[in-house]
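Computed from the coordinates by the stated procedures, all read-outs in this text should not be read as laboratory data. Just so it is clear, the structure is predicted and the values come from calculations on it, not from any experiment. Neighbour counts are summed over all protein chains in view; Cβ atoms, including those assigned to glycine, are modelled from backbone coordinates with ideal geometry.
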Amino acid sequence: MSRFALNVLLASLLISPALYAADVRVEVLQRKLDHPWSMAFLPDNKGLLITLRGGQLRLWQEGKGLSDPLVGIPRVWANGQGGLLDVVLAPDFAQSRRVWLSYAEVGDDGKAGTAVGYGRLSDDLTRLEAFQVVFRQMPKLSTGNHFGGRLVFDGKGYLYIALGENNQRSTAQDLDKLQGKVVRLTEEGKVPSDNPFVNQPGARAEIWSYGIRNPQGMAMNPWSHTLWLNEHGPRGGDEINIPQRGKNYGWPLATHGINYSGLPIPEAKGEKVAGTEPPLFFWKHSPAVSGMAFYNADKFPQWQHKLFIGALKDQEVIVLNVDGNKVTESERILGDRKQRIRDVRIGPDGYLYVLTDESDGELLKVSPAA
């Protein structure tokens, strides 16, 4: 069989073991995912949990494909950018079997905010049991925009939640609101006593850092053991930041972008503003960044010290070099596929896994071509 005929045959299969790009090898593990948002690997090669923005949590297993929707998922507000968002396993999953979810939740007035909770994954992998909500973004202000929702455990007993400003710019600077913030909770969902604003009157005790617009990717840097976050700018000015205790990351006072209308951001005072932290890295022309993952596996040495970030608008995976806190863009991959990239994760096998944000979204397994 010719190489051309082989590629045509493989492309027709649901699971395609060898679709090639110029610089990477891509396997399509699953199609027909309706706007997938995030994924989490179960231990012992038990499969991959995938959230679909419309409100379903599904299990993908090699050789079995996609499960029916799991039972016990909270009711989500699936409008605009809202819906079922991130999924992560508790650090003690082997004992507790807790699966954490973030999602958009509607209030009595029809506006929504981000909520976070957890349930126990049943032994037969078909349901979440006794789901309980431990956090709600308040007040609820979103009419469909800027939920954030990324969840990261730091390995030191804390959970970080990235929250968008619901497209209400000024709230990112308001310490009495949970819009435009990174919050820090314990692994049980409680407020740590050493959070920076615990004893400040009028401030929310959950807040870790603020001045954030619309965070879409967050991960622990495995070499510095610090939390990294990316966020959408407006028209221009997508950023990478290291959210630190009590620090202000500027939005909307400091930005490298402008309004979608072409006019300046009304509150903006410049690209650098006293009292705010400049971004670690920014794009003047927004790729619309999404999920992010550091490569710290042994499978592909050429990917060591690389940071992978999805791009929705640019429809690529951006590959960056990381040297301490210095970041430089290395290359871009998967651009030939013309698909919005929603999430990227490094699997326990050392491969890069990617979700595409389409009504017929895909789960991809990616490796270097050589």
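Using the Cβ-Cβ distance between His285 and Asp124 with R0 = 45 Å, the FRET efficiency computed as 1/(1 + (r/R0)^6) comes to roughly 0.40. Label zone of Ser170 (point 7 Å out along Cα→Cβ, amide N under 13 Å): in segment 263-301 this covers 266-268. With θ taken as phi - 60° and the Karplus curve 6.51 cos²θ - 1.76 cosθ + 1.60 applied, the whole-hertz 3J(HN,Hα) list for segment 32-37 is 6, 9, 7, 6, x, 10 Hz, x standing for glycine and proline.
Select from Pro301, Pro74, Pro139 the residue whose mean-square fluctuation is largest in a Gaussian network model of the chain (Cα-Cα springs shorter than 10 Å). For the chain, modelled as a Gaussian network with Cα springs under 10 Å, the answer is Pro301. As I understand it, the dipole of segment 15-170 uses +1 on the Cβ of Lys and Arg and -1 on the Cβ of Asp and Glu, about the Cα centre. Which of Leu85, Tyr118, Asn145 lies farthest toward its positive end? Going by the charge dipole, the pick is Asn145. Computed from label points 7 Å out along Cα-Cβ, the spacing between Asp323 and Gln304 is 1.6 nm.
Near Gly72, once Lys and Arg are set to +1 and Asp and Glu to -1 for all other residues with Cβ below 12 Å from its Cβ, the sum equals +2. Rounded to the nearest whole Hz, the Karplus-based 3J(HN,Hα) values (6.51 cos²θ - 1.76 cosθ + 1.60, θ = phi - 60°) of segment 124-137 follow the sequence 8, 6, 10, 7, 9, 9, 6, 5, 9, 8, 10, 8, 9, 6, with x at glycine and proline. The slack in the chain from Arg136 to Lys32, taken as 0.36 nm per residue of separation less the alpha-carbon distance, amounts to 34.3 nm. Peptides 58-65, 99-106 ordered by packing proxy, namely the average of other Cβ atoms within 10 Å per residue, highest first: 99-106, 58-65. Sorting the segments 231-243, 324-336, 208-220 by their mean number of nearby beta carbons within 10 angstrom, highest to lowest, gives 208-220, 231-243, 324-336. Distance from the alpha carbon centroid of segment 94-142 to that of segment 48-67 works out to 17 angstrom.
For segment 174-190, the Karplus equation 6.51 cos²θ - 1.76 cosθ + 1.60, evaluated at θ = phi - 60°, returns couplings of 8, 6, 8, 10, 9, 7, x, 10, 9, 10, 10, 10, 6, 5, 9, x, 8 Hz by residue, with Gly and Pro reported as x.
Per-residue ellipticity at 222 nm computed for the chain from its helices equals -1000 deg cm²/dmol, with DSSP H segments shorter than 4 residues left out and the rest contributing -39,500 (n - 2.57). DSSP finds beta bridges in the chain, and of those with both partners inside it, around 95 percent are antiparallel. Here segment 246-279 is scanned for amide nitrogen atoms under 11 Å from the site 7 Å beyond the Cα of Arg235 along Cα-to-Cβ, giving 258-265.
For Rg and Dmax of the Cα atoms in Å, the candidate list reads (1) 19.9, 73; (2) 22.2, 70; (3) 34.1, 104; the entry that matches the value derived from this model is (1).
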